[in-house]
Amino acid sequence: MLELRNINKYYNPGTVNEMCLFEDFNLTIQEQEFVSVVGSNGSGKTSMLNIICGSIPVDSGRIIINGQDISNMPEFKRERRIGRVYQNPAMGTCPSMTILENMSLADNKGKPFNLRRGTTKSRIEYYRESLSELNLGLEDKLQVPVGSLSGGQRQAMALLMSTLTPIEFLILDEHTAALDPKTAELIMMLTDKIVKEKKITTIMVTHNLRYAVEFGNRLIMMHRGNAVIDKVGKSKTDIKIDDILEKFNEISIECGN
């Protein structure tokens with residue numbers, strides 16, 4: 001379970017550009033929930049992910065994972081428990097290294113460095129089997145540099161690599177936004193498959209309202225650092241894209257747009 005308790009976050013404090021993004025923000029995400037998060041630019045979606053992952057600090061408040069307060073835990077230590085896939089396919093892989101080298105790096109995340117081999121024949125075979133499930137032919141390209149792959153292939157690899165070691169949370173930061181529609185559909189189906197098979201608690205920020213409605217068991221809409229829609233279970237199943245668009249329009253009118 002993930003808990004954000006009384007989170008406060010200001011940008012440019014003490015200046016004329018001071019902005020309060022989160023004020024006493026609270027959110028609880030239960031184990032094995034798949035949460036889709038939508039909202040306009042500046043609503044706090046990505047900042048919330050960065051706070052969870054430790055990319056940006058909070059001014060006050062607590063971040064708790066399964067009863068442990070990780071508020072002061074550095075980002076690199078959180079990465080042992082949290083997998084993250086970014087919008088840019090280039091950010092989840094190392095382009096100058098081969099597929100095999102990338103897989104081995106991900107497989108050894110959080111493990112101590114020593115003089116033992118980075119991988120073994122049995123693990124290489126496991127990588128092949130895992131890659132074959134992507135149905136992209138990558139299992140036959142282990143020695144190919146990742147930089148020569150398409151954006152969709154790299155994003156599929158990034159998704160697989162982020163879940164290669166046991167993690168407690170998967171963070172998806174608009175991970176289909178930079179892909180063409182056909183490839184985005186493939187990545188979403190792969191995402192759904194991995195989340196269900198590995199039973200990973202997942203938070204997905206997306207601008208695609210159809211994905212937000214069709215995938216996951218909880219939907220949150222953010223606005224000015226608050227959850228203005230929070231539907232889970234049957235109420236999430238019943239929500240329609242038009243319901244979200246209506247809320248967007250209501251907010252737009254309130255903001256004078």
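The values are calculated or read from the model by the stated rules, or taken from the named source; none is laboratory data. Here the structure is a predicted model, which is why all the values come from computation and not from measurement. Reconstructed Cβ throughout: ideal geometry from the backbone, glycine too, with neighbour counts over all protein chains shown. Areas reflect the complete protein model, heavy atoms only, side chains present, ligands, DNA and RNA absent. Shrake-Rupley method; radii C 1.70, N 1.55, O 1.52, S 1.80 Å.
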Right, residue 129: outside any loop (DSSP other than H, G, I, E, B), open to solvent by 30 Å² or more (accessible area, probe 1.4 Å) and touching a Lys or Arg at 6+ places or on another chain (Cβ under 7 Å) or not? no
Of (1) modelled with pLDDT under 95; (2) under 30 Å from residue 193 (Cα atoms), residue 18 satisfies every one except (2)
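Counting residues that are open to solvent by 20 Å² or more (accessible area, probe 1.4 Å), which strands (runs of 3 or more DSSP E) fully inside region 1-115 reach at least 3?
Values: elements: 2-11, 19-29, 34-39, 60-65, 82-85.
Answer list for region 1-115: 2-11, 19-29, 60-65.
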| For residue 205, are the conditions met, namely being crowded, with 16+ Cβ neighbours inside 10 Å and either among the charged types (D, E, K, R) or within 20 Å of residue 81 (Cβ to Cβ) (or both)? | yes
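Pull up region 177-195, narrow it to residues that are more than 24 Å from residue 142 (Cα to Cα) and touching a residue at least 12 places away in the same chain (Cβ under 8 Å), then point me to the one that is surrounded by the most Cβ atoms within 10 Å (Cβ to Cβ).
So the residue we want is 195.
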Looking for something over 13 Å from residue 37 (Cβ atoms), open to solvent by less than 30 Å² (accessible area, probe 1.4 Å) and modelled with pLDDT of 95 or more - is there at least one such residue anywhere in region 209-224? no
Exercise for review: Examine region 235-254 for a residue that is among the β-branched types (Val, Ile, Thr), modelled with pLDDT of 95 or more and open to solvent by less than 50 Å² (accessible area, probe 1.4 Å), and state whether such a residue exists.
Suggested key: no
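Is at least one residue of region 143-156 assigned to a loop (DSSP other than H, G, I, E, B), in contact with a strand residue (DSSP E or B) (Cβ under 7 Å, 6 or more places away or on another chain), of a type outside the set (Lys, Arg) and at pLDDT 90 or above? Walk me through how you get there before you give the answer.
Going residue by residue through region 143-156, those that are assigned to a loop (DSSP other than H, G, I, E, B) are 143-144, 149-150.
Checking the rest, the ones that are also in contact with a strand residue (DSSP E or B) (Cβ under 7 Å, 6 or more places away or on another chain) come to 143-144.
Right, trim to of a type outside the set (Lys, Arg) and you get 143-144.
With the extra rule that they be at pLDDT 90 or above, the set shrinks to 143-144.
Taking every residue of region 143-156 in turn, at least one turns out to be assigned to a loop (DSSP other than H, G, I, E, B), in contact with a strand residue (DSSP E or B) (Cβ under 7 Å, 6 or more places away or on another chain), of a type outside the set (Lys, Arg) and at pLDDT 90 or above.
Among residues belonging to region 178-205 that are in a helix (DSSP H, G or I) and among the polar types (S, T, N, Q), point out the one that is nearest to residue 230 (Cα to Cα). Steps first, please.
Just the residues of region 178-205 that are in a helix (DSSP H, G or I), to begin with: 181-198.
Restricting the remaining residues to those that are among the polar types (S, T, N, Q) gives 183, 191.
On the way: 183: 29, 191: 22 Å.
Top of the filtered list is 191.
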In region 157-176, residues that are under 17 Å from residue 34 (Cα atoms), part of a loop (DSSP other than H, G, I, E, B) and either in contact with an Asp or Glu (Cβ under 6 Å, 6 or more places away or on another chain) or open to solvent by less than 10 Å² (accessible area, probe 1.4 Å) (or both) total 2
If we ask which residues in region 139-176 are aliphatic (A, V, I, L, M) and over 11 Å from residue 89 (Cβ atoms), their number turns out to be 9
